[in-house]
1. If we scan the range 123-139, do we find a residue that is crowded, with 21+ Cβ neighbours inside 10 Å and assigned to a helix (DSSP H, G or I)?
2. Kindly list, by first and then second residue, each pair from a residue in the range 462-477 that is closer than 20 Å to L495 by Cα and more than 15 Å from ligand 2 (Cβ to nearest atom) to a residue that is open to solvent by 30 Å² or more (accessible area, probe 1.4 Å) and aliphatic (A, V, I, L, M), limited to pairs with Cβ atoms under 7 Å and residues at least 6 apart or on different chains.
3. Show the residue pairs that are 6+ apart or on different chains and have beta-carbon atoms under 8 Å apart, the first residue being within the range 344-361 and assigned to a helix (DSSP H, G or I) and hydrophobic (A, V, I, L, M, F, W, C), the second being open to solvent by less than 30 Å² (accessible area, probe 1.4 Å) and more than 12 Å from ligand 2 (Cβ to nearest atom).
4. Taking the options L636, L621, L608, name whichever one is more than 28 Å from L399 (Cα to Cα), in contact (Cβ under 8 Å) with a residue 12 or more places away in the chain, within 14 Å of ligand 2 (Cβ to nearest atom) and not acidic (D, E).
5. Please specify each residue of the range 21-71 satisfying the condition of being among the β-branched types (V, I, T), farther than 21 Å from E171 by Cβ and surrounded by fewer than 19 Cβ atoms within 10 Å (Cβ to Cβ).
6. Can you confirm whether A532 is touching a helix residue (DSSP H, G or I) at 6+ places or on another chain (Cβ under 7 Å) and either open to solvent by 30 Å² or more (accessible area, probe 1.4 Å) or closer than 25 Å to I256 by Cβ (or both)?
7. Kindly indicate whether any position in the range 318-332 is out of contact with any Ser or Thr (no Cβ under 9 Å at 6 or more places or on another chain), in a helix (DSSP H, G or I) and within 16 Å of ligand 2 (Cβ to nearest atom).
8. What pairs come up if the first residue lies in the range 480-496 and is in a loop (DSSP other than H, G, I, E, B) and within 15 Å of ligand 2 (Cβ to nearest atom), the second is modelled with pLDDT under 95 and open to solvent by less than 40 Å² (accessible area, probe 1.4 Å), and their beta carbons are under 7 Å apart, counting only those six or more places apart or on different chains?
Amino acid sequence: MSSLQTLPYPHLLAPLDLGFTTLKNRVLMGSMHTGLEDKAKNFPALAAYFAERARGGVGLIVTGGFAPNVEGWLTPFGSRLASSRAAKPHRIITDAVHQEGGKIALQILHAGRYGYSPFSVAPSKIKSPITPFTPRELTLRGIERQIKCFVRAGKLAREAGYDGVEVMGSEGYFINEFLSTATNKRTDKYGGAYENRMQLPIEIVSRMREAVGTNFIIIYRLSMLDLVPEGQSWDEVVMLAKGIERAGATLINTGIGWHEARVPTIATSVPRGAFAWVTKKLKGEVSIPLITTNRINTPEVGEDIIAGGSADMVSMARPLLADPEFVNKAAANRALDINTCIGCNQACLDHVFQQKLASCLVNPRACHETEMVFTKTQNKKRIAVVGAGPAGLSCATELAARGHEVSLFDSAAEIGGQFNMAKVIPGKEEFHETLRYFSRRIEATGVRLNLNKRVGAGDLKGFDEVVIAAGVAPRNPKIPGQDGANVLSYIDVLLHKKPVGKRVAVLGAGGIGFDVSEFLVEDHSPTMDLAAWMREWGVGDPAEARGGLVKPQVGPPARQVTLLQRKATSVGKGLGKTTGWIHRAALKKKKVEMIAGVNYESIDAMGLHITYGEKHENPTLIECDTIVLCTGQDPLRELVAPLEAIGVKMHLIGGAFEAGELDAKRAIDQGLRLAYLI
Ligand code: FAD
Ligand code: NAP
Ligand code: SF4
């Protein structure tokens, strides 16, 4: 039997021979800005983060983006590689990765008009819809300077010990801006016909190849599906790919969608491997290996993509944030032990867009490797954890991994707490994976799990310490008539599956109100049906429509939903930075009416009576069959006073600690941090 047959994921884990070097498998850790790149003083932490991923077996790592000059800055004083002096501190990163047997490439990212900086430049003076600065239009000399800076960054990366570079040519950044007529209005040799517009990336790659020599990886990230009006046609994409190959690139990576595109490309509601078909279209057009990307988060998906001939390699960025040991676990046939990225963006992309250090909702150690160090306990204790929601699960399993004797109690019949409601929302199917991961961790770490057990203070005597992770109770909004049979809580709807009428008013437009609305308007989840999802978001074949944009076709909503809030601010304002627009757009497509600035006056058999504003004006009846309350939550702390009375040492985490601003990110993080302390 050949070694190929004995590997659990034979295509994904097969080496990739690049001629002058061989990658040990087909997994690329895709580029992801973490915030640690921006200051050299953070490079030891960045090195530890990458070293952990290299140790975990990934074939090739790509760093977050480094600008080749000030004009290419993503943010003022952000990451940049423009001098030998700046290259020196990178040695700590490349050495750390090489010591673990890994390989690493530096991404060169010129932000172009996406630069959040007054120095931004572009092919034409056209402001992007997502940045406040209008870029300066480059002269021919200016373009020449940018090319030289790209080439210099390539040489500096080599000097710093990197195995290669990735030239960022997609997502609507500088290079990509030359390729579309929407952003390139030039009339000189870099504008007009596509052959002219594609001249810039060709020159960058060919001159860089000349400068760095043959034995150095150059990945070119090529925008294969722009998803914006006036995006590239498929013929143009193919023409560019051929030119990039001739110019000397080693690998072509896939870019999907400009940042300003109004089609989700990586959120959890995007079907797994949703864009592998785009890369597959390019197979056979060039002979260098192709990398595909976006929403590939399990070894099975990666294996199927490569085995099915869609690509030669898969890029995963967030999945390696979520589990640095992804590849080793896959290779050891332990895929069920992988802590799967759920595509939420809450701790990674949302943080980066808020200028905060990135991490991961399901793995709060990500980017905190030097600060959160796992140690076995020297002082074994008997600990009870009350509540097996995200907070209790993370705390209990980490305490047990550290050597404590841990009993975990939950009154429900299954672990997961509120995640059991999140997982039934169309587009949130990934939340099942976190529960699967934690059930494996419970087994692996020896936590004693007691389900169907609602504990009282008396049950907790005899433990050295008690962790209260009992979560929350729905808030009572005290609306006259709310006890009627036509009023349900989100728990009734999502957990107890109580019947809901055809016309519904959802009260409260926080994360839960939005999720409940999505649950009520969708008959089936488009996330589980790629063709339906593409129709809903208007994604088509780029051979037939420029940029792959076609007219969306949305089916009728399963119910007529009105979503209300008391605040006068726009509905959905507090949702995730990078995902809120997707939730709002999805509900608008399903004709959900969103109303802000209301007072809930009363409920009766006809529906919900509201008024507007502080003066309670314009009384209106929202006629509906069912009213669903999603009006926030309060901490569940019924155990605190009795435990204090019997003098038990106690800790509060998750919703039980604080219900305001609670989410699973905080719950899991708090659970883990407490487990490190006890
Ligand atoms: P909980 O998840 O509420 O768990 C508490 C557990 O304690 C429960 O299982 C309960 O049965 C148990 N318990 C309580 N009292 C006792 C007792 N006396 N004895 C035994 N057991 C007890 N967050 C995000 O970050 N991102 C999302 O996308 C997201 N989507 C959501 C969608 C929905 C529909 C809902 C409802 C929530 C969502 N959340 C999301 C919120 C997230 O699920 C919560 O923030 C998180 O679950 C809080 O974790 P916790 O462990 O503190 O509490
Ligand atoms: P929330 O975001 O606090 O929203 C509660 C809603 O209820 C708000 O719209 C609030 O708006 C309204 N409300 C508050 N008090 C009220 C009262 N007394 N009477 C009537 N309405 C009242 O919380 P949530 O939706 O319950 O979600 C709980 C947590 O889960 C959130 O913190 C959220 O982060 C997390 N979650 C996240 C996601 C996600 O996708 N990231 C999804 C679901 C849940 P008004 O006061 O303006 O009416
Ligand atoms: Fe994935 Fe969410 Fe973690 Fe980001 S925060 S890596 S999207 S699980």
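1. As a first pass, look at the range 123-139 and keep what is crowded, with 21+ Cβ neighbours inside 10 Å: 123, 128, 135, 138.
Within this subset, residues satisfying the condition of being assigned to a helix (DSSP H, G or I) are none.
No - not one qualifying residue is present in the range 123-139.
2. What qualifies is A470/L636.
3. L349/A358; V352/T34; V352/G35; V352/A358
4. Working: L636 fails: more than 28 Å from L399 (Cα to Cα); L621 fails: within 14 Å of ligand 2 (Cβ to nearest atom).
Within the list L636, L621, L608, the selection yields L608.
5. Within the range 21-71, T21, T22 meet the criteria.
6. On the way: touching a helix residue (DSSP H, G or I) at 6+ places or on another chain (Cβ under 7 Å): yes; either open to solvent by 30 Å² or more (accessible area, probe 1.4 Å) or closer than 25 Å to I256 by Cβ (or both): yes.
Yes, satisfied.
7. Yes: the range 318-332 contains one or more residues that are out of contact with any Ser or Thr (no Cβ under 9 Å at 6 or more places or on another chain), in a helix (DSSP H, G or I) and within 16 Å of ligand 2 (Cβ to nearest atom).
8. Going by the 7 Å Cβ cut-off, there are no qualifying pairs.
The values are calculated or read from the model by the stated rules, or taken from the named source; none is laboratory data. The model shown is predicted, which means the values in this text are computed figures rather than measured ones. Glycine also receives a Cβ, built like all others from the backbone with ideal geometry; neighbour counts cover every protein chain displayed. Just the protein is used for accessible areas: all its heavy atoms, side chains included, with ligands, DNA and RNA removed. Shrake-Rupley method; radii C 1.70, N 1.55, O 1.52, S 1.80 Å.
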